[in-house]
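Structure record follows, encoded as structure tokens.
The values are calculated or read from the model by the stated rules, or taken from the named source; none is laboratory data. All values reported here derive from a predicted model rather than from experimental measurement. Heads up, the Cβs are rebuilt from the backbone with ideal geometry, glycines too, and the neighbour counts pull from every protein chain shown. Quick note on the areas: whole protein, heavy atoms, side chains included, nothing else; ligands and nucleic acids left out. Shrake-Rupley method; radii C 1.70, N 1.55, O 1.52, S 1.80 Å.
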Amino acid sequence: MKIINPVLKGFNADPSIIRVKDTYYIANSTFEWFPGVQIHESKDLIHWQLISHPLDRTDLLDMKGNVDSGGVWAPDLSYADGLFWLVYTDVKVTEGAFKDCTNYLTTAENIRGPWSDPIKLNGVGFDASLFHDDDGRKYLLQMEWDHREYHHPFNGIKLTEYSVSEQRLLPQTARIIYTGTDVKLTEGPHLYKLKGRYYLFVAEGGTVYSHQEVVARSEDLYGPYDTQTETFLTAFFAGDNPLQKCGHGSLVDTPAGEWYFAHLTGRPWHHATESHHDPRGWCTLGRETAIQKVIWDEAGWPVIVGGKQGSLEVEAPKETVPQPYAAVQPITDDFDQEELNINFNTLRIPFSDRLGSLKDRPGYLRLIGRDSLSSCHEVSLVARRWQAFEFEAETKLDYQPFTYQQMAGLANYYNSKHWSMIQVTWHETLGRVIEITENNRGVFTSYLKDNAIQVPEGASVWFKTIVKQDHYSYAYSFDGISWTELPIRLDAAVLSDDYVLQTYGGFFTGAFVGMINVDYSGYELPADFDYFKYEEK
């Protein structure tokens, strides 16, 4: 039996893995996408199913106005005292000298909720995790941010005791316990007590191609911590390895006593005209989750089986009985349910009457026209992750715009500065038309302009996007049978972390595809979507 990596495809970054009895859970970052935190479940480390989003209320997560790639960074999931404990960070500022953020704690008896009202912890730094010591005391670990321009901003890993009875941190106990290696950018701490020693796993090098995971250990909780001589995990020196950016993860054991490490990774591709070494590649699926097997050497240090660069195929736990889950990715969603499919997300705010309804027109998703895709406030976008390098997505739309400030259709989206859409809109002389638009580094382009395609009077419109790894295109139909693919080939790299990183600091998510309705005229014109189909090729 083999674990095939990545186990969580498409924008599932910063995994925090735990086991409760015979069941494994992984919590992942969601950044500005709502609801917050993805939790997948598995019985065998091979097959995984998305089961919940804990932060599904605005009292737990209020992101309206958050910057791109702000929001939920590196959640930490743990289990102790009969409770699931979830620590998460809501980041408000991503660029410049400051990282304004708040760390929260919520708990639940059941992984599917309900989750308790949040407890505000602090804003010292992001990537916070909770360590439960053998004596029952609990400690928050986090990287500490230093805004001073004459210091490195990643000041080290800070440990602070948490009082369960008072439901607060005890700042007088705070101490920097580890400052990392010369690679710096030390973050993502997870602490374990194994065989009487404290083992600290941290990410370094930034969540790019120089990413790595290192391990340090100590006889005492507060240190000093000695760093393992050999880097635990990195693909930095293995440029041709199919798994890149390896780092930022957490450790888990099996019921039989084997060990595995879930970690962040990216799978780059290249244009035919590019070297495979420079640029290193484009990760349109974002940062994904992989799992590696771990053994312990004679000196008591952890070692990745198969090499520190990470492997596509990994030996599954011994005596594994496969437990495949039913596929939850909708091949076709006809919007016949009362709630959105679990794979759909919205930007920053919940799907509610402000954005649309599944009840106003039974069998349809009605979206209310709100802000443009360049907004960080109210955007009527219902979308899902790209989870394959090649796929098609389509929808059917009923929409009657009366101004060019109204547009609805199918969008491919990375963030407010990088997106495209095929849309029905209005033209002064042509009436209702089909147009393709793109926002690339904040520069907006209309591709059809005065040659936009007229929509027949009263007709519905079908839209499709066709993704072919390094590029994608759009097609339309007026009957859902005969399709016309438009000769506009868009570069998929524009929707990658790596492209965004070239000009902008917030680059932590991945490409999404979904249904959009924009009405910046303020008349809140609705658009009705009959179905959404996503099919990987």
- Query: Ile466: modelled with pLDDT of 95 or more, open to solvent by less than 30 Å² (accessible area, probe 1.4 Å), farther than 14 Å from Tyr399 by Cβ and within 25 Å of the chain's Cα centre (by Cα), yes or no?
  - Reply: yes
- Name, by its number, the condition in (1) among the aromatic types (Phe, Trp, Tyr); (2) closer than 17 Å to Phe11 by Cβ; (3) buried (at least 24 other Cβ atoms within 10 Å of the Cβ) that does not hold for Tyr260. (2)
- Residues in the stretch 106-139 that are of a type outside the set (A, V, I, L, M, F, W, C) and in a loop (DSSP other than H, G, I, E, B) total 16
- Message: Go through (1) without any contact (Cβ under 8 Å) to a residue 24 or more places away in the chain; (2) charged (D, E, K, R); (3) touching an Asp or Glu at 6+ places or on another chain (Cβ under 8 Å) for Asp353 and report which single condition fails.
- Response: (3)
- Query: What is the one condition in (1) under 21 Å from Thr437 (Cβ atoms); (2) without any contact (Cβ under 8 Å) to a residue 40 or more places away in the chain that Val518 does not satisfy?
  - Reply: (2)
- Select from the stretch 63-84 the residues that are over 16 Å from the mean Cα position of the chain (by Cα) and either of a type in the set (D, E, K, R) or within 11 Å of Ala27 (Cα to Cα) (or both) and write down the one among them that is least open to solvent (accessible area, probe 1.4 Å). Ser78
- Query: Considering only strands (runs of 3 or more DSSP E) fully contained in the stretch 433-537, which possess at least 3 residues that are more than 30 Å from His211 (Cα to Cα) and among the basic types (Lys, Arg)?
  - Reply: none
- Among the strands (runs of 3 or more DSSP E) confined wholly to the stretch 292-407, which include 3 or more residues that are open to solvent by 50 Å² or more (accessible area, probe 1.4 Å) and touching a helix residue (DSSP H, G or I) at 6+ places or on another chain (Cβ under 9 Å)? none
- Note on the structure: Restricting attention to the stretch 236-258, the residues that are touching a Lys or Arg at 6+ places or on another chain (Cβ under 8 Å), under 15 Å from Ile26 (Cα atoms) and not β-branched (Val, Ile, Thr) number exactly 1
- Message: So for the stretch 44-57 (the condition being touching an Asp or Glu at 6+ places or on another chain (Cβ under 7 Å) and among the charged types (D, E, K, R)), does at least one residue qualify?
- Response: no
- Query: Out of all the residues in the stretch 277-286, is one or more modelled with pLDDT of 95 or more, under 27 Å from the mean Cα position of the chain (by Cα) and part of a strand (DSSP E or B)?
  - Reply: yes
- When restricted to Tyr474, Tyr447, the only residue open to solvent by less than 10 Å² (accessible area, probe 1.4 Å) and touching a residue at least 12 places away in the same chain (Cβ under 8 Å) is Tyr474
- Message: Given the condition part of a loop (DSSP other than H, G, I, E, B), at pLDDT 95 or above and open to solvent by less than 30 Å² (accessible area, probe 1.4 Å), answer yes or no: does some residue in the stretch 419-428 qualify?
- Response: no
- strands (runs of 3 or more DSSP E) wholly inside the stretch 142-215 containing at least 3 residues that are more than 22 Å from the chain's Cα centre (by Cα) and either within 24 Å of Trp259 (Cβ to Cβ) or among the aliphatic types (A, V, I, L, M) (or both): 175-178, 187-194, 197-204
- Task: Please find, within the stretch 88-105, the residue that is surrounded by the most Cβ atoms within 10 Å (Cβ to Cβ) out of those that are in a loop (DSSP other than H, G, I, E, B) and among the charged types (D, E, K, R).
- Result: Lys99
- Would you say His271 is touching a His at 6+ places or on another chain (Cβ under 6 Å), in a loop (DSSP other than H, G, I, E, B) and not hydroxyl-bearing (Ser, Thr, Tyr)? no
- Item | Exclusive hit being in contact with a strand residue (DSSP E or B) (Cβ under 9 Å, 6 or more places away or on another chain) and modelled with pLDDT under 95, set Asp519, Asp450, Asp479 | Asp450
- In the stretch 481-498, what count of residues is obtained for those that are closer than 23 Å to Ser372 by Cβ and open to solvent by 30 Å² or more (accessible area, probe 1.4 Å)? 1
